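Report on the following structure.
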Amino acid sequence: MGDESAEVRDVLAFLQSTEPFASLDDDHRRVVEKGIEVAYFRRGTVITDAGDANDRLSLIRSGAVELMLGGTQLSARLGERDCFGYPSLIRRGPAQNTATAIEDCLLYRLPGATFHVLRERCADFRKFFDIDESARLRRAVARMEGDGPVAGDESGLAIYATIGSFLSGRPAVSGDPALSVGEAAALMAREDVSTLPLCEDGRLLGIVTDKDLRRRVLAVQLDLATPVRAIMTPDPITIGLNDTAMTALLEMTRRHIHHLPVIDASGALVAVISASDVLGQLGAHSLRIPAEIERSASAQELATATARLPDAVSALVSAGVDASHVTHYASAIGGSAHCRLLELAQTELGPPPVPFALVCFGSLARYEQGLGSDQDNGFVLGEGYDEARHNSYFAALAKRLSDGLAAAGYAYCKGDIMATNPDCRRDLAGWQSRFGHWIATPDPQAVLDSAIFFDMRPLAGEEELVKQLREGVFAQARDNRIFLSFMARAAASTAVPLGFFRNFLLHHDADEGDVLDLKRQAIAPIVDIARCHALARAIPATGTLERLDAAAAAGGLHPEAARDLAAGFEFLCDVRFRHQAGQRARGEPLSNLLPPRELSRFDREHLRDAFRLIRAQLDKLRSDFAGGLT
Amino acid sequence: MAPLWFADPRRRFERAFARAASQAPAGPLADYYAAGSPRLYTAFSDAELVCVDLETDGLTPQRDAILEAGTVPLVQGRLQVGEAKRTRFRPIQALSPASVAIHGITDDAAAEALREDDALAQLLPLLARRVLVAHFAQIEAEFLDRACRRVFGGPFVAPFVCTMQLQQRWFGGKPGEIVRLGALRARYGLPHYAAHDGVGDALACGELLLAQVAHKSGSPPSLAELLRR
């Protein structure tokens, strides 16, 4: 009692449930509580004017506040538990926004001095109020990728399970390095293992794999009496019992290996784990799908295999695998499905009368396929193609491919960008003239419609045809500033939202929408920016992240902008996958439409950061390529 | 037409305050008066007030005791949470089960409290030179007056703002009708507060007053317009 002020339980309870105050320790939260002044503003009242000095952090206890940059341009609408006023405190300058109560407001206000003390003492508090949204976004991505998803118990995620926790308990099969090659091979055959660790006094000296036997023995007709030590890989990469499944997966992916010896703390061999052990642990059996696609003898069989893709993707997502790996995985499956269906069709129809290539466009070409993607493909017909004689073969081939893809879950393209469309079956010159027309005489609608054609890669057949086409097209585009300005303008015309207000999506014109179209309003603009830069510099990469990297390396894009956009892209893709995994779990059809009420606070705030960054980069794109014209 | 000078609540208060001050026996009550009377001839936005809520053992000042007083200063239109104070009074008799259920003050908690004279000695300086704000202020006024008479032998005189009366006077309603604080706050869209202790209710009452002042039509009110009649 005495001079100590009394706790106000309701104020404390509100702080305890509102970030960043919730994460403060009790003592610092009490510092906040003691600094609070409560003020009330009636709807329509200006709380702070742009240009005025501001010496307080405001936390909305109830009501809503609108921020207008310079008093004229809508910049945000804030509701209960949102804070405002901190950028001017951090910059120690005047307020840039006019803050107006748009509902009756009860505000908790904290003196600037207290705010600065907390920022100095509490790292999380300082990070929360970072005014550099790209830094916040990068941190969010790092948190998702490095430490696993933020909003959950990481320890419960399969990807963070230790190797030791999922070993079968079966003792490791190992051999003596003094064995002959023939004896080692016999041991491997008997034990049905493809990898044999070789140990001396319990210490791992090296390993021999099926591949070693093939390449270092059979192919060179090595004497089977040679000691196996001579062909083993000495000092192999190993993994510890306490390492995580994620570490094992990354190690295998990075080094293109499928087996890892597991050792305990003393360095003794415990087991050998395979990629499928790890992926099996993730519950995905994700490796089985490509193998089943390869083996399928009909389009129906293939469809049975791809029907498991959504489950595999959901499992990877919930296991904490980051979005770009998941899209690469899904795109690999998509690519295999195309190739296998084409092979099946050729088995039926006979070999093609002239060389040709199957080319894919859009997300599959960018390795950014998610779930529920359409098919976007075409044929580039090679030397000797004769419309009259060969058209019927390729039409039939396209029909089988397209129907097979539809059965496998890749919907027919609504824009008819499919090899079934005669317009998408052209010889090299035909494609070149089509692209040439778009580039030489651009019009806004055609630019929008043709954009995905500029993301292309060969899937099967004569890859050289696609490579030649792409090189020609990109060289032509690079040299045509008018075309580039149309592309940039088309990209910049996307209405990227401002942020959220309660359960609504907030737009520049103060309109409030009900749903966020994650793909169209956030992901596509980044893809567009990357594509514009790729075209402007004739960058061969098709993936958005690779394009951003290459554009930065080529000097077309500021490295920091490239890094920010990449972080935004990864964050958005991750949100999309998590959202779609939720839709699947609830048995809803997959979509990119996201009602704001389903977003966590973490996602909302970082989406808002991503929107802001994208809007800034779209403006930059327009001024770089379109001379600022709109 | 300007109110007749004798009808102005400020005049009535000043007369009562001066009389009580002159008669108060030496001690905490005399100190309270010696600090001076609050400034009443000012705009609300410049005034110094203090929101008070008493938790009592019942509603009859003659019989029931104060158990706890919560105060939150309201200065220049801002409620100062960091200056919130709680004063616990030691009950004179064992608590009635009914009142324990309402404010959650048990005999054990009350045992840590101050004797009535010490509690008042702690509370009165928090109220000195301030206009008091309470919901259904009659209760606070009568309990404080009764306690001061009992302990110090003199009346407690202070200017009060009553948010319940203000609501009826400014925004209509049946005169004398009792509207609970929570119900009235809900009408203004103010958040629901779970805790019912003196400090929490004092803050809740202060927020209600801020809302009422903000919603009053016309020019910003003077402090005199708010005073309990």
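Taken together, the values in this text are just the output of simple stated rules run on the coordinates, not laboratory data. Quantities reported herein were computed from a predicted structural model and do not represent experimental measurements. Glycine also receives a Cβ, built like all others from the backbone with ideal geometry; neighbour counts cover every protein chain displayed.
Observations on the model:
- Neighbouring partner chain Cβ atoms per residue of B:186-192, average, 10 Å criterion: 4
- Average Cα contact separation per residue, the stretch B:5-226, under 8 Å, 6 or more apart, as relative contact order %: 27 percent
- Overall form of the protein assembly as shown per C-alpha gyration tensor (a/c, 1.5; a/b vs b/c): prolate
- Förster-model FRET efficiency, 22 Å R0, residue A:170 and residue A:242, C-beta, rounded to 0.05: 0.65
- Average partner coverage of A:31-43, which counts Cβ from other chains inside 10 Å: 6
- Length added when fully stretched, residue A:131-residue A:224, from 0.36 nm per residue minus Cα-Cα: 26.7 nm
- Shape category assigned to the stretch B:5-226 from the gyration tensor of Cα positions, a/c cut at 1.5: oblate
- Formal net charge of residues neighbouring residue A:305 (Cβ-Cβ distance under 11 Å; K, R +1; D, E -1): +1
- Of the GluC sites (Glu not before Pro) in the stretch A:1-68, those whose Cβ has at most 11 other Cβ within 10 Å and which sit in DSSP loop: A:4
- Gap separating the Cα centres of the stretch A:10-40 and the stretch A:439-458, nearest whole Å: 54 Å
- When peptides A:523-535, A:170-182, A:50-62 are ranked by their average number of other Cβ atoms within 10 Å per residue, the highest-first order is A:523-535, A:50-62, A:170-182.
- Percentage relative contact order, the stretch A:288-479, counting C-alpha pairs under 8 Å, at least six apart: 26 percent
- Highest average first, the peptides A:237-244, A:119-126, B:125-132 ordered by how many other beta carbon atoms sit within 10 Å of their residues are B:125-132, A:237-244, A:119-126.
- In chain B, the sites counted are GluC sites (Glu not before Pro) in DSSP loop states with at most 16 other Cβ atoms within 10 Å, and the longest stretch holding none of them, exclusive of the sites, is B:1-111.
- For the stretch A:47-62, backbone phi angles converted through the Karplus equation (6.51, -1.76, 1.60; θ = phi - 60°) give residue-by-residue couplings of 8, 9, 9, 4, x, 6, 5, 10, 10, 9, 8, 10, 10, 7, 7, 8 Hz, Gly and Pro being listed as x.
- A Förster radius of 60 Å combined with the Cβ-Cβ distance from residue A:214 to residue A:443 puts the calculated FRET efficiency at roughly 0.55.
- Cβ neighbours within 10 Å from other chains - mean over B:74-81: 6
- Pairs with C-alpha atoms separated by more than 21 Å, drawn from the list A:414/A:519; B:174/B:216; A:414/A:620, are A:414/A:620.
- Cα gyration tensor category, rounded, prolate or oblate, for the stretch A:288-479 with a/c compared to 1.5: oblate
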